[in-house]
1. Being farther than 20 Å from B:L91 by Cα, facing another protein chain (nearest Cβ under 9 Å) and touching a Ser or Thr at 6+ places or on another chain (Cβ under 8 Å) is true for just one of B:V259, B:V268. Which residue is that?
2. Based on what the data block shows, is A:A176 more than 16 Å from ligand 1 (Cβ to nearest atom), open to solvent by less than 10 Å² (accessible area, probe 1.4 Å) and within 28 Å of A:A228 (Cα to Cα)?
3. Against the condition at pLDDT below 80 and of a type in the set (A, V, I, L, M, F, W, C), how does C:L103 come out, does it pass?
4. Give me the pairs, please: first residue somewhere in the range A:38-52 and under 19 Å from A:T77 (Cβ atoms) and polar (S, T, N, Q), second residue anywhere and more than 8 Å from ligand 3 (Cβ to nearest atom) and open to solvent by 10 Å² or more (accessible area, probe 1.4 Å), beta-carbon distance under 8 Å, and either six or more positions apart or on two chains.
5. I'd like the residue in the range A:176-201 that is without any contact (Cβ under 8 Å) to a residue 60 or more places away in the chain and within 20 Å of A:M55 (Cβ to Cβ) and, out of all such residues, is nearest to ligand 2 (Cβ to nearest atom).
6. Can you name the number of the only condition in (1) open to solvent by 10 Å² or more (accessible area, probe 1.4 Å); (2) touching a residue at least 60 places away in the same chain (Cβ under 8 Å); (3) within 21 Å of A:A134 (Cα to Cα) that A:A168 fails?
7. Which of the residues belonging to the range B:75-92 are surrounded by 21 or more Cβ atoms within 10 Å (Cβ to Cβ) and part of a helix (DSSP H, G or I)?
8. Going residue by residue through the range C:253-269, is there one that turns out to be at pLDDT below 75, touching a helix residue (DSSP H, G or I) at 6+ places or on another chain (Cβ under 6 Å) and surrounded by 18 or more Cβ atoms within 10 Å (Cβ to Cβ)?
Amino acid sequence: MGTLLEVKGLSVSYRRGGVAVRAVDAVDLDVPAGAMLGLVGESGCGKSTLARALMGVLPGNASIDGGRVALDGEDLTELTPAKRRQRLWRELSFVPQTSMNALDPVYRLRDQMREVLCERGGLPTKAADERAVALFRSVGLDPVRLTDFPHQFSGGMRQRAAIAMALALNPKLVIADEPVTALDVIVQRQVLDTIRRLGRDLGLSAIIVTHDISVVTYLCGLTAVMYAGRIVEQGTTEALTRRPTHPYTMGLMNASPDLHEPVETLVPIEGAPPDLADPPKGCRFAPRCPLALAACRESDPPPVVVEPGHSAACFRAAEAGALREAARKASTWTR
Amino acid sequence: MAYFGRRFLHMLIVLWAIATILFLLFRLMPTDPSIAHLDPTFTEEQRQLVRAQFGLDRPLFEQYLIYMKNLAEGEFGLSFRQRQPVMGLVLAVLPNTLLLTSSALIVAYLFGALLGASLAWRRGSLFEKISVPLVLATRAAPEFWLGMIVLAIFAFGLNWFPSGGANVAGARYASEWERIFSLDYLRHLVLPVLTLAIYLQGLPALLMRSNMLEIMREEFVTMARMKGLSERRIMLRHAARNALLPLVTAFALGFGQSVGGNVVIENVFSWPGLGRLLVDAVANSDYPLAQGAFLVIAFVLVVMNFIADLMYGLLDPRVVHGEH
Amino acid sequence: MASIELPHIAAAARPRAPGLFARLARHLAKNPSALIGVSIYLVFVLVAALAGSIAPYDPIEILFTEDGQLAASLPPSAAHLLGTTNLGRDVFSQLVLGARPSLFVGLTAAVAVATIGSAVGLVAGYLGGWVDRALMRLADLVLGLPFLPFVIVLVALIGPSLQNIVLTVAILLWPNAARVIRSQVLTLSQRQFIEAARVTGAGEWRIMLVHIAPNIVPLAFLYGSIAVGWAILTQASLSFLGFGATDTISWGTMLQDAYASQALDREQFSWFVPPGICLVLVVLAGFLISRGYEELLFPKLGEG
Ligand SMILES: Nc1ncnc2c1ncn2[C@@H]1O[C@H](COP(=O)(O)OP(=O)(O)OP(=O)(O)O)[C@@H](O)[C@H]1O
Ligand code: SF4
Ligand SMILES: [Mg+2]
């Protein structure tokens, strides 16, 4: 299958009190058509910023410093704002974390659906309403709830409504930013099931942003691990869970429950991600990496292909087998 | 419904308390108003009549009960000066005040909402930097002074509009409606409405601006952008629509406050309304009339506060459905 | 001479951390609107203080021209910067002296509102229970009164002096301050250092005065500064309506005078425009300061 989305060298920074914070730094990412890619990383590593930069909708103090975002081979960053706006939602749609005010509180869901279907999809009102009913059914919502206001929905229902909204115009790619984070575990599972079913039934291409590795293993065939504004490892989810190559990925696996090869106990990675306004020299993970060498603090490790479709940005990628052995021991991570 | 009931009860209590305060104010003053300010031309008979009517010869508490009973029956007594029922005098000028207030508020809120929205839209621009202090200055300007300037320019300088009153002297109309919808009345209405609107627009403009700025940071506005909706649509249908909610409440509250606040404007333009009635009554120590005018002004204020609460509920679905 | 030097010595002898004033100064430098507000105030305070020497004439003196005519309704000239009134009084002198009552009313009302508001807020918030409920109901009630009509009625009953105007304004404006200060007291009294003080056996009054009161001073200041504008406008409106103190010349009485003597008809703008501008400036200064101060107290997060 061909590449649907191709991101090359994308960088985004925020201005904050006169300082530039590089939240996304030279990111490369590929999403093949029909694939779901999980984007994982700790809080604050730039996942949301990357997701929003792909949509091209960023806060006023953010700027895209370079790179290209190609959808079906066409660079979106080259388009005029008006042309880019035309692509939005028809080709690229977004599922926000709806615990925030992501649905307009003063309109009924039906009207918010109509807005998308009529304004952007060009459907007449009647056809739009029929489509809205079908969409609600497909995400497991009772269509009578279309006449409700957002605040009358539970968290899980709101999230389903947001998914229905994102699917409205049959986009080529759906980007979901923490779609289940705000929900409690049981509802989380139900919504994840719905997403998985939709993915299979519709052959959906999606990027699922999450800080929860189990969400990725459940939904996504591909995984990209992000750390301090960079993608440090990417490949198939299978490869990454069985043969993690970057020490940060190994650490994440240790810190997450319920994976193939459990360690004795859950071990968190000590320390905190670096300040993006002033990232450390060399490998950004070095200050927290138990496997770091002196060289790691000198220069940036470039991504290396470790097997077809699986790359990692670590100087010690070649010794990954031995590193994995070490990483499985809890003592490695506690100093 | 329970909400409605609770608010309604609250309104009644406030009205009762205001009436009580007023009673105490007028009765506990060192001088007995009826003795100190009774028109000397009153005959002894009339004097007794008035004293008996207000029960001024009875103990204070009994006076209070009579006063409350009279109020409840809409009986405000006789004007000392005009020797007519206060209720009739008040009701005769009430339409003028309500009309002045509502016209001015509508003009002010339409203009203010538009101005506020465009200030928010073009935040950081030169237009915004100049407009905000200007709007603040209109809030700082005394209403009567604005009225004087407007009068000097449009009534005396350009001679476009009459300088005072509500109708040309001596004009006769078949009915109150005919009077109010006459061209003459409208011509008299223009300048007071303009002045009042200049004074009133600042609040909605600033409120709209800050609401809009707040709402433009909301996630649903970002989502609207992601949906590829036009900037115009985002501003009008989402940002402005949400930002308008508090303005509706402010409108109702403003109406209540303005009926009392009009006192000044009505005097500048000799507009025969409640405020002017109050000022004349106080100036002439016509206490029954002053009391009646004040109570009606307070009544409008309290009722509008009540309506403001209800309106907010109507417009914000979150309140209707019992969440807060 | 010595009296001028004393404060410096005192300041030097008592070294203090760069506290409120340093912070205030830094804030002013960053907040141009507050700086403008403060400057306007300083100018008017200066004018009010030196009014006697700035004003070229006695403001109520009836003036005559050199040929013995009444100097009535003269246009602006070098001798009369803003012309004269219809009774031959110098408008500029009135304007300068009119600064005094306005500033007096504004500043005393600010102090009164801040004091009453703090006292009620402290007592209600700290004692709680029925005292709190009663005071807050009272606050609701007062806020439900029509402002200007109530002031008119009250001033008419207790007499139209500047002090009484301040009193009425304070009676009507304390609830806003009291409510906010009360909720501040409520949050403060749950803080740990208060608990700690209680554990060490400090008395309730002591806790209230030593630990809580200082923390609400900024809020009291904020509501005081908001009251300045209201009080000045109220005093002017009352004067205009004829309920002002009859023995003082204020900007409000000047405007009333101009209005009543047909200055509008004569389009004698130099008489009735300047007092209004002075009122706008003083009130606007209050707005600018309280806005800037609000930002200092409640800094908004985020930017852009
Ligand atoms: N509007 C903004 N202005 C300034 N800095 C921002 C802004 N939004 C995010 N940042 C900064 O950019 C960095 C990346 O933030 P981002 O929200 O993309 O992270 P994230 O991976 O999505 O985190 P989370 O898991 O908490 O959602 C953080 O350091 C954050 O503080
Ligand atoms: S490059 Fe060095 S510091 Fe960075 S992850 Fe690999 S081993 Fe650790
Ligand atoms: Mg995020």
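1. Just one listed residue meets the conditions, B:V268.
2. So A:A176 does not fit the description; no.
3. No: the conditions fail for C:L103.
4. A:T49/A:Y14; A:T49/A:L58; A:T49/A:A62
5. The extreme case among them is A:V180.
6. The number of the failed condition is (1).
7. Listed by number, the residues that qualify are B:V86, B:L89, B:V90.
8. yes
The values are calculated or read from the model by the stated rules, or taken from the named source; none is laboratory data. The structure presented is a predicted model; accordingly, all values stated were derived computationally and were not measured. Reconstructed Cβ throughout: ideal geometry from the backbone, glycine too, with neighbour counts over all protein chains shown. Please note that ligands, DNA and RNA were not included when accessible areas were found on the heavy atoms of the full protein model with its side chains. Shrake-Rupley method; radii C 1.70, N 1.55, O 1.52, S 1.80 Å.
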